[in-house]
1. Got a sec? Which of Ala102, Ala85, Ala120 is within 9 Å of the ligand (Cβ to nearest atom) and touching a residue at least 60 places away in the same chain (Cβ under 8 Å)?
2. Being surrounded by fewer than 22 Cβ atoms within 10 Å (Cβ to Cβ), in a loop (DSSP other than H, G, I, E, B) and not polar (S, T, N, Q) is the filter here; which residues of the range 138-190 pass it?
3. Regarding the range 191-206, can at least one residue be identified that is closer than 21 Å to Pro41 by Cα and either within 13 Å of the ligand (Cβ to nearest atom) or part of a loop (DSSP other than H, G, I, E, B) (or both)?
4. Go over the candidates Leu211, Leu157 one by one and state the one that is among the aliphatic types (A, V, I, L, M), away from the ligand (no atom under 14 Å from the Cβ), in contact with a helix residue (DSSP H, G or I) (Cβ under 9 Å, 6 or more places away or on another chain) and more than 30 Å from Lys340 (Cα to Cα).
5. Which numbered condition trips up Glu326, out of (1) in contact with a strand residue (DSSP E or B) (Cβ under 8 Å, 6 or more places away or on another chain); (2) away from the ligand (no atom under 16 Å from the Cβ)?
6. Which of the residues that make up the range 207-233 are hydrophobic (A, V, I, L, M, F, W, C), farther than 24 Å from Asp114 by Cβ and either part of a helix (DSSP H, G or I) or in contact with a Cys (Cβ under 8 Å, 6 or more places away or on another chain) (or both)?
7. Hey, among Gly200, Gly204, which residue is touching a residue at least 60 places away in the same chain (Cβ under 8 Å) and within 16 Å of the chain's Cα centre (by Cα)?
8. What pairs come up if the first residue lies in the range 242-258 and is part of a helix (DSSP H, G or I) and among the polar types (S, T, N, Q), the second is modelled with pLDDT under 95 and near the ligand (Cβ under 10 Å from one of its atoms), and their beta carbons are under 6 Å apart, counting only those six or more places apart or on different chains?
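The values are calculated or read from the model by the stated rules, or taken from the named source; none is laboratory data. A quick note: this is a predicted structure, and the numbers were derived from the prediction, not measured. Neighbour counts are summed over all protein chains in view; Cβ atoms, including those assigned to glycine, are modelled from backbone coordinates with ideal geometry.
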Amino acid sequence: VLKQSITSKAQKENKGYGNYVQPQASYKVAILGASGGIGQPLALLVKMSPLVSELNLYDIANVKGVAADLSHCNTPSQVSDFTGASELANCLKGVNVVVIPAGVPRKPGMTRDDLFNINANIVKTLVEAVADNCPDAFIHIISNPVNSTVPIAAEVLKRKGVYDPKKLFGVTTLDVVRANTFVAHKKNLRLIDVDVPVVGGHAGITILPLLSKTKPSTTFTDEEVQELTVRIQNAGTEVVEAKAGAGSATLSMAYAAARFVESSLRALDGDSDVYECAFVQSDLSELPFFASRIKIGKDGVEALIPSDLQGLTEYEQKALDALKPELKASIEKGIGFVQKKA
Ligand code: NAI
């Protein structure tokens, strides 16, 4: 949206569009789990992207109608539907970005880890197909528990001999979106200006907003830090409880995932100024995977940004130390799940 408003400003300034270059719609995106609560609004938002030429929608059920519906929007991408395992390979051929929101969401009282047994198998199966059909694609994992499903995906790709750590991303954008929204409201800042890096992982206390690194530079009382940190960590549960059994965050998640897709496509398209937070293979801590701000380029993660982790407040440092055992266990659980399989 930001990019589009910049574009229209550029259009106006160029009076008559003389120097304006329309972004080329030339990228192919697949969404696996496309008829779900996240999948449908995400498919709509990706359908609006000027960079997408083909949008492939896959699910085990109900995807035909979603694709027929979306295909009537007069935006560049061609929408195709794929139903069930026998159509998965065709869905993935030649794809540049694969987004995976397939799996079950939380109900009240559940943690993300409670989803492990079902979603671990789903992610394993889907990533095996990605490895076989589009091993060079960027892979965006949304299915929870992200702290374990990303290590699962990495192990699957390693077994298939196609693991490129620069192209595997756990989508934590929603944590940043929430942090930006809550901080802007609390401090009366313009939403568009606020950027809070969120590091660690994507579950409970492993979600660590670094409020001291908020841009624009902002001061918080100890009480505000405590209140905002806990709210950002529990924001998913806020939605699960409000939906009272009907699922977890879908619309805000789709918004966040679409932002991450658009950032990835801009990076693929040669934009050299693309930064997002994501849960990726990392050497910024002693853990093998860690969410931090990253620079994304044509080949995936171009750089991890260590500066956010320097000069932490005492509160942040304690929270970082406290999250590591849980995050480590979730990562090991994911790795162990694949390694136990024959
Ligand atoms: P949903 O139940 O509404 O949709 C899931 C979709 O996945 C359904 O259409 C289902 O048919 C499909 N599916 C199930 N097994 C499949 C398979 N083997 N292959 C392809 N598709 C399959 O759930 P919702 O609300 O869309 O959530 C999806 C996942 O995203 C959940 O695991 C949830 O915990 C996670 N999530 C992640 C967030 C994040 O920040 N990373 C935020 C919110 C949810």
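1. That would be Ala102, the only listed residue that is within 9 Å of the ligand (Cβ to nearest atom) and touching a residue at least 60 places away in the same chain (Cβ under 8 Å).
2. Across the range 138-190, the qualifying residues are Lys160, Gly161, Val162, Tyr163, Asp164, Leu189, Arg190.
3. No, the range 191-206 contains no residue that is closer than 21 Å to Pro41 by Cα and either within 13 Å of the ligand (Cβ to nearest atom) or part of a loop (DSSP other than H, G, I, E, B) (or both).
4. On the way: Leu157 fails: more than 30 Å from Lys340 (Cα to Cα).
Checking each option against the conditions leaves just Leu211.
5. Of the numbered conditions (1) in contact with a strand residue (DSSP E or B) (Cβ under 8 Å, 6 or more places away or on another chain); (2) away from the ligand (no atom under 16 Å from the Cβ), the odd one out for Glu326 is (1).
6. Taking the range 207-233 as the starting set, the residues that turn out to be hydrophobic (A, V, I, L, M, F, W, C) are 207-208, 210-211, 220, 225, 228, 230, 232.
With the extra rule that they be farther than 24 Å from Asp114 by Cβ, the set shrinks to 210-211, 220, 225, 228.
Matches in the range 207-233: Leu211, Val225, Leu228.
7. Of the residues listed, the single one that is touching a residue at least 60 places away in the same chain (Cβ under 8 Å) and within 16 Å of the chain's Cα centre (by Cα) is Gly200.
8. Filtered contacts from the range 242-258: no entries.
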